[in-house]
1. Would it be correct to say that R99 is exposed (fewer than 12 other Cβ atoms within 10 Å of the Cβ) and charged (D, E, K, R)?
2. List pairs: first residue in segment 92-114 and within 20 Å of A27 (Cα to Cα), second residue acidic (D, E) anywhere in the structure, Cβ distance under 7 angstrom, at least six positions apart or on different chains.
3. Give the residues of segment 72-96 that are closer than 25 Å to G62 by Cα, surrounded by 15 or more Cβ atoms within 10 Å (Cβ to Cβ) and aliphatic (A, V, I, L, M), sorted by residue number.
4. If I ask for residues that are touching a residue at least 12 places away in the same chain (Cβ under 8 Å) and either assigned to a loop (DSSP other than H, G, I, E, B) or in contact with a helix residue (DSSP H, G or I) (Cβ under 6 Å, 6 or more places away or on another chain) (or both), which ones from segment 49-70 would you list?
5. Suppose the filter is without any contact (Cβ under 8 Å) to a residue 60 or more places away in the chain, touching a Ser or Thr at 6+ places or on another chain (Cβ under 8 Å) and at positive phi; does G73 pass it?
6. Just for segment 68-121: of the residues that are among the polar types (S, T, N, Q) and within 11 Å of the chain's Cα centre (by Cα), which one is nearest to R34 (Cα to Cα)?
7. Give the residue that is nearest to S95 (Cα to Cα), with candidates limited to residues of segment 23-48 that are charged (D, E, K, R) and assigned to a loop (DSSP other than H, G, I, E, B).
8. Looking at segment 19-50 only, could you name the residues that are hydrophobic (A, V, I, L, M, F, W, C) and under 19 Å from G103 (Cβ atoms)?
Amino acid sequence: MAEKSRLRRTISKWANTDDTYARDMRATYVGTDRVCIADAPDRELVTLRGTVRSVTVRPRGGVPALEVEIYDGSGVLTIVWLGRRQIAGIDPGRSLQVRARIGVHDGHRIIYNPRYELISQ
């Protein structure tokens, strides 16, 4: 009976759609010249890729700011473009590559005004 239980746990682990999705995302976005979001060091220049999960316009210090969350299967990172309300092509579901330094603001990892590239898959 214990063997059957272990088999079910193994199958359930591989069949879990959240884990499968995260594994597929890491395989797609993490490469030799890029690290995953979870492993990216703070305050060092990094190149990251991910899928845009959300796009929000939120004022920061009286200036409009476009906030974008990207996800690569390992973690989520907030990207902020100050003085922007929108950027053509940056929409939820779009793949994006950014190059910048990660900082921490109010306990959240964040990138301000990165170089970016829209990528197709």
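1. no
2. Filtered contacts from segment 92-114: Q97/E117.
3. L77, I79, V80, I90
4. R49, G50, P64, listed by residue number.
5. The answer is yes for G73.
6. By that ranking, first place goes to Q97.
7. Filtering segment 23-48 for residues that are charged (D, E, K, R) and assigned to a loop (DSSP other than H, G, I, E, B), the one nearest to S95 (Cα to Cα) comes out as R34.
8. V35, C36, I37, A38, A40, L45, V46, L48
Values quoted throughout were computed directly from the atomic coordinates according to the rules given, and no laboratory measurement underlies them. Keep in mind that this is a model prediction, so the values were computed, not measured. Heads up, the Cβs are rebuilt from the backbone with ideal geometry, glycines too, and the neighbour counts pull from every protein chain shown.
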